[in-house]
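Single-structure report; data block below.
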Amino acid sequence: MYDTIIIGGGMSGLAAGIRLAHYDQRVCILERHSTIGGLNSFYRLRGRDYDVGLHAITNVTPKGTKTGPLARLLRQLRFRWDDFGIAPQLGSEIAFPGVRLRFDNDTEMLRGEIVREFPGQADNYDRLTREIIDYDDLSEEHAGVSARKVVSSIITEPLLVEMLFCPLMFYGSAREHDMDWGQFSIMFRSIFVEGLGRPQAGVRLILKLLVRKFRALGGELKLRSGVKRLAVENGRVTRVVLENGEELAGRRVLSSAGWCETMRLCDDGQPVAASRTAGQLSFCETIAVLDVEPRKLGHDRTITFFNDQETFHWQKPAELCDVRSGVICSPNNFAYGEPLDDGTMRITALANFDRWNALDETNYRLEKLRWYERITASAVRFVPDYRGHVIDTDMFTPTTVVRFTGHDNGAVYGAPEKQFDGITHLQNLFICGTDQGFVGIIGSITSGIAMANRHCLKA
């Protein structure tokens, strides 16, 4: 009998497992794949290592900072700041037609850019930053408030409103067209107030540290152990039945699989469709390995969030991909102590899961080639054209996201409606991860810690 069974070996599940194992709980993490991390993972292809999911860690505050999500999770999981070796970004930008706003981990840079490009909005921007709510204030109250309505009532220049929303939506909005005010506030602070960074070894370092600590504390990690169903009796999960037929018993179950995905596992007949609408927003991402560092081509930006119109459209595209906007990230452009082995450019664009999923294998491969070229051509309108220096490529689509995360529709940020308290209709089943309310690397880890504290330790 386990104290807690955790479904999913991603950031959220691993963080929850560590937290519980610190208090001598008997914990088992179930991961259906042969490796951990979900979409925030890594793989090796043609002799090269690739990160998946991680562009940058948000909430990067300087060493010694006592407040904020990064400092809090280090305390809760008992890591040191130096363990992760986070290098800050060199500097990023938001690029719209005729206007670019640069920002880094010093809040004054973005403010100065806004004063230069939109001088009449300086006081309004200062007011907006004062209005931003605290990190932990994710609640049903703020979930019902439109961020676009709030921001547009303060910032009176429509173009600036669109430019501020672009990075925040790409990095954390499960809703089409808008964001909840609480989520906007959290993402604003995460990216614009605290900033971005990355370990030189990438996501593999974070995952290896989490797994090593979990196992050292006596935690059990079962790979290739997908969950077939949750056996329910009298309003409680009594057994976790695995796809291989094995059955496990636990006092509590904490699932990072997603709300709809978890409800579908329950064998009590709970109607999944009526309980929550699945997310629709997914992505394609291209990865280009270069024979030169991007800075030698004149590209020194860590991340470029681009949009080729004055209005930013955040919705499921009608075509396979939407190349009007995107995220261009160079993992090379962080302040590392030494250079990476290869130059790399990664481009992320909105994509339509249904369209990709309907393709047969032959057409799927052809469309990947076609859209790799289209996505790249769209991006090089905003950064130096690196296509003559490409020596290797890869690309993932929404169907890849489904394969490695199990999220319906390949929705990276989960369902638009979150369950902030993590409570389900069953007494001992709880939700953590993206469908609880926090997204991204730091958000997922924070969610796992918070739900473990609230439902598995206080009990």
The chain: calculated mean residue ellipticity at 222 nm from DSSP helix runs of at least 4, using -39500 (n - 2.57): -9000 deg cm²/dmol
Over all viewing directions the Cα convex hull of the chain casts an average projected area in nm² of 21.1
So what are the ³J(HN,Hα) numbers for the stretch 404-415, from phi and the Karplus equation (6.51, -1.76, 1.60; θ = phi - 60°), rounded to whole Hz, Gly and Pro as x? 9, 10, x, 5, 3, 6, x, 6, 4, 9, x, 7
Do any GluC sites (Glu not before Pro) in the stretch 184-247 lie in a DSSP loop with no more than 15 other beta carbon atoms within 10 Å, and if so, which? E243, E246
Set the Förster distance to 41 Å, then compute FRET efficiency between T129 and E373 from the Cβ-Cβ distance, nearest 0.05. 0.55
Calculated FRET efficiency, R111 and Q270, Cβ-Cβ r, R0 30 Å, to nearest 0.05? 0.05
Sticking with the crude label model, points 7 Å out along Cα→Cβ, report the distance from R48 to T65 in nm, one decimal please. 3.2
Can you put L70, L426, L196 in order of Cβ neighbours within 10 angstrom, beginning with the fewest? L426, L70, L196
Inter-label distance for Y364 and E243, nm, one decimal - labels placed 7 Å from Cα along Cα-to-Cβ: 1.5
Quick one: length gained pulling R102 to Q309 fully straight, 0.36 nm per residue minus the C-alpha distance? 72.7 nm
Mean Cα-pair separation over length for the chain, i.e. relative contact order, pairs under 8 Å, 6 or more apart, %: 23
How would V150, V401 line up from fewest to most surrounding beta-carbon atoms within 10 angstrom? V150, V401
Extension length gain for R80 and K208 (0.36 nm per residue less Cα distance), in nm, is 44.6 nm
Specify the angular offset, from 0 to 90 degrees and rounded to the nearest 10, of the alpha carbon long axis of helix 122-131 from the longest principal axis of the alpha carbons in the chain. 10
Output the Cα-based Rg and Dmax of the stretch 108-192 in Å, rounding Rg to one decimal and Dmax to a whole number. 12.3, 37
Given a Förster distance of 60 angstrom, what is the FRET efficiency for R324 paired with Y23, based on the Cβ-Cβ distance and rounded to 0.05? 0.75
State, to one decimal in nm, how far the label point of K296 lies from the label point of M1, with both points 7 Å from Cα in the Cβ direction. 6.4
Taking only Cα atoms, what is the 0 to 90° angle, nearest 10, from helix 203-216's long axis to the longest principal axis of the chain? 20
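Where a number appears in this text, it was derived from the coordinates with a stated rule and is not lab data. Everything numeric in this text was worked out from a predicted model, so none of it was measured. Neighbour counts run over all protein chains shown; Cβ positions are idealised from the backbone, glycine included.
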